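Accompanying notes for the structure given below.
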Amino acid sequence: VQGGCLSIVILGASGDLAKKKTFPAVFNLFRQGFLPEHQLQFFGYARSRLSDQELRDRLRGYLKAGGTDPSKDAATVINHFLSLVTYTSGAYDTEEGFIKLNEIISFHEVAKGGKEGPTRRLFYLALPPSVYPVVCKLIRQHCMNQRGWTRVVVEKPFGKDLASAEALSNQLGELFTEDQLYRIDHYLGKEIVQNLLVMRFANRIFVPIWNRDNIANIQIVFKEDFGTEGRGGYFDEYGIVRDIIQNHLLQVLCLVAMEKPVTLTPEHIRDEKVKVLKAIESIKDKDVVLGQYDTYKDDPTVAPNSTTPTFATVVLRINNERWDGVPFILKAGKALDSRKAEIRVQFKDTPGDIFKCKKQGRNELVMRLQPSEAMYMKVTVKQPGLEMSATQSELDLSYHQRYQDIVIPEAYERLILDTIRGDQQHFVRRDELKVAWQIFTPLLHRIEEGKLPLINYKYGSRGPLEADELTEREGYVRTSGY
Ligand code: BG6
């Protein structure tokens, strides 16, 4: 990446997100040579009183050098990276810390790039959203770059419902322009999610069949085989609909369902995503199943009488020419029987079934986001052998087999690089966020008023049976391997 001295400022540097995701992601970019080694500095900022060295020691354990450059051994690369990390301690709501931070950034800019050259400042808020407005205001007042761009990365939760999200958007919108704000949804950085547009619009075989005439139903599924361990306090306030469905799964839905963008520019892509979101009908209670796993309330950070769902299946209906009548079944749950995220596009039965293959199952395109990226198509083929009978098999693209030499980048790595490059394609635009909240807010309010049943399910199970029943009622025909 070219363009002058680059300062990456991570606010909330001593917290979990920074340690586990943000620093390792920038480290990976660094070790692969994507960052300007000689014009680069990382700044950690948080309230804890730490020295530079103490922060470096905390980060070290989270950095793994994969060794792309055989001339440098792992420890050398890690040490080099850490030597570029400095730490500033300060409050999030007073001016002093940000004045000091600005001085330190400016000092390094001059030391590395001279007094004149262009500079770039990226602020990554690995912070609770309650402090976004004040932190953004202080960045705006004291830390703006005078010699190049300033970009600010924020992560969900962006509010709790439409009203609070709009209030936050207004506050941030007064401080930064839309092209300075990068709203991360890390699902948009996943390899298979990024492949969706290519798959859909670069393959003649999919283009004409991707509609209500051929597709029976679409599922977008997120499962985790662990509970809210360590994050109960946050989770209990938000619940699975806000944590996963309203953002990650809805973003995936947009890419599965949108029309072809005019070009690949970020604005054209996001225009089409917004159109799809606007065509989603309001959610009816009969289209929702909610659950909570049996040991959820054992977590001392969770309210003892909590009714927060840890599992939800929500059927969304898109009222447009392409999708009328095709249910989009979004399912997410914690503490289930496996960890998996996938998209399942199930096609309709073939008319005139001379092979009686209906019992073998339908065509289904499965795109597995994780674990181990894959895409496979369930097809009916002749059972090999002397008999003329049909059986179901797969056309299989497993990434670990097909792309053995390629390390698939972490979502955060890719999205931070996009931020440095100024590419907002994989970030959520303000109007997208607003419509996403419009879709889910009435349902969330009804859930909070206790108007929907909450079904108890066992830790490590498939979740409430009622969710499978709903999925089948929506026309999903179960095949082997589901
Ligand atoms: C986060 C949620 O956004 O995504 C977590 O807050 C969840 O609850 C995580 O565990 C899942 O991300 P991934 O990339 O592991 O599927």
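Is it true that ASP225 is of a type outside the set (Lys, Arg) and in contact with a Ser or Thr (Cβ under 6 Å, 6 or more places away or on another chain)? Spelling it out, ASP225 is indeed of a type outside the set (Lys, Arg) and in contact with a Ser or Thr (Cβ under 6 Å, 6 or more places away or on another chain).
Selection of helices (runs of 4 or more DSSP H) fully inside segment 66-143 by the criterion of at least 2 residues being touching a helix residue (DSSP H, G or I) at 6+ places or on another chain (Cβ under 9 Å) and buried (at least 21 other Cβ atoms within 10 Å of the Cβ) returns 95-113, 132-142. Here SER398 fulfils each of the conditions (1) surrounded by fewer than 16 Cβ atoms within 10 Å (Cβ to Cβ); (2) out of contact with any Asp or Glu (no Cβ under 9 Å at 6 or more places or on another chain) apart from (2). Among the residues of segment 127-136, not a single one is in contact (Cβ under 8 Å) with a residue 24 or more places away in the chain, in contact with a Cys (Cβ under 7 Å, 6 or more places away or on another chain), more than 16 Å from the ligand (Cβ to nearest atom) and within 18 Å of VAL428 (Cα to Cα). Can you confirm whether VAL152 is buried (at least 17 other Cβ atoms within 10 Å of the Cβ) and away from the ligand (no atom under 16 Å from the Cβ)? Here the answer is yes, as VAL152 does meet what is asked.
When segment 21-62 is filtered for residues that are over 22 Å from ILE184 (Cα atoms) and of a type in the set (Ser, Thr, Tyr), the ones remaining, listed by number, are SER48, SER51.
Looking at ASP93 and the list (1) more than 28 Å from the chain's Cα centre (by Cα); (2) within 16 Å of the ligand (Cβ to nearest atom), which single condition is not satisfied? The one condition ASP93 does not meet is (2). Only a single criterion out of (1) within 11 Å of the ligand (Cβ to nearest atom); (2) buried (at least 22 other Cβ atoms within 10 Å of the Cβ) is not satisfied by ILE280, namely (1). Is one or more of the residues making up segment 192-207 of a type in the set (Lys, Arg), near the ligand (Cβ under 10 Å from one of its atoms) and within 25 Å of VAL428 (Cβ to Cβ)? No: segment 192-207 contains no residue that is of a type in the set (Lys, Arg), near the ligand (Cβ under 10 Å from one of its atoms) and within 25 Å of VAL428 (Cβ to Cβ). Restricting attention to segment 215-249, the residues that are away from the ligand (no atom under 11 Å from the Cβ) and assigned to a strand (DSSP E or B) add up to 7. Taking the criterion of being closer than 18 Å to GLY475 by Cα and of a type in the set (Phe, Trp, Tyr), the residues of segment 323-375 that qualify are TRP323, PHE328, PHE347.
Take LYS286 and decide whether it is farther than 25 Å from ARG200 by Cβ and either without any contact (Cβ under 8 Å) to a residue 60 or more places away in the chain or within 16 Å of the ligand (Cβ to nearest atom) (or both).
Working: farther than 25 Å from ARG200 by Cβ: yes; either without any contact (Cβ under 8 Å) to a residue 60 or more places away in the chain or within 16 Å of the ligand (Cβ to nearest atom) (or both): yes.
In short, yes.
Report, ordered by the first and then the second residue, all pairs with beta carbons closer than 7 Å, sequence separation of six or more or different chains, a first member in segment 164-175 that is closer than 15 Å to VAL135 by Cα, and a second member that is of a type in the set (A, V, I, L, M, F, W, C). Qualifying pairs under 7 Å: LEU168/PHE158; SER169/LEU433; LEU172/CYS136; LEU172/LEU181; LEU175/CYS136.
Looking at ASP243, ASP236, ASP271, which is the one that is modelled with pLDDT of 95 or more, within 17 Å of the chain's Cα centre (by Cα) and of a type in the set (Asp, Glu)? Break it down into steps so the answer makes sense when it comes.
Details: ASP236 fails: within 17 Å of the chain's Cα centre (by Cα); ASP271 fails: within 17 Å of the chain's Cα centre (by Cα).
The match here is ASP243.
Summed over segment 182-191, the residues that are touching a strand residue (DSSP E or B) at 6+ places or on another chain (Cβ under 6 Å) and either among the polar types (S, T, N, Q) or more than 11 Å from the ligand (Cβ to nearest atom) (or both) give a count of 2.
Select from segment 52-97 the residues that are small (Gly, Ala, Ser), at pLDDT below 95 and within 29 Å of TYR132 (Cβ to Cβ) and list them in ascending order.
Residue satisfying the conditions is GLY61 alone.
Checked against the criteria, ILE245 does not count as within 26 Å of THR308 (Cα to Cα), in contact with a Ser or Thr (Cβ under 7 Å, 6 or more places away or on another chain) and either touching a residue at least 12 places away in the same chain (Cβ under 8 Å) or β-branched (Val, Ile, Thr) (or both). Scanning segment 379-431 for residues that are closer than 30 Å to GLN171 by Cβ and hydrophobic (A, V, I, L, M, F, W, C), we see that the one that is farthest from the chain's Cα centre (by Cα) is ILE420.
Every residue, every condition in (1) within 16 Å of the ligand (Cβ to nearest atom); (2) within 29 Å of THR307 (Cβ to Cβ); (3) in a loop (DSSP other than H, G, I, E, B), yes or no:
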{"residue": "ARG362", "(1), (2), (3)": "no, no, yes"}
{"residue": "LEU365", "(1), (2), (3)": "no, no, no"}
{"residue": "PRO384", "(1), (2), (3)": "no, no, yes"}
{"residue": "ASP405", "(1), (2), (3)": "no, no, yes"}
{"residue": "ASP431", "(1), (2), (3)": "no, no, no"}
{"residue": "LYS434", "(1), (2), (3)": "no, yes, no"}
{"residue": "PRO442", "(1), (2), (3)": "no, yes, no"}
{"residue": "ILE447", "(1), (2), (3)": "no, yes, no"}
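The values are calculated or read from the model by the stated rules, or taken from the named source; none is laboratory data. Given the structure is predicted, the values throughout are model-derived calculations rather than measurements. Note: ideal-geometry Cβ built from the backbone for every residue, glycine included; neighbour counts use all protein chains shown.
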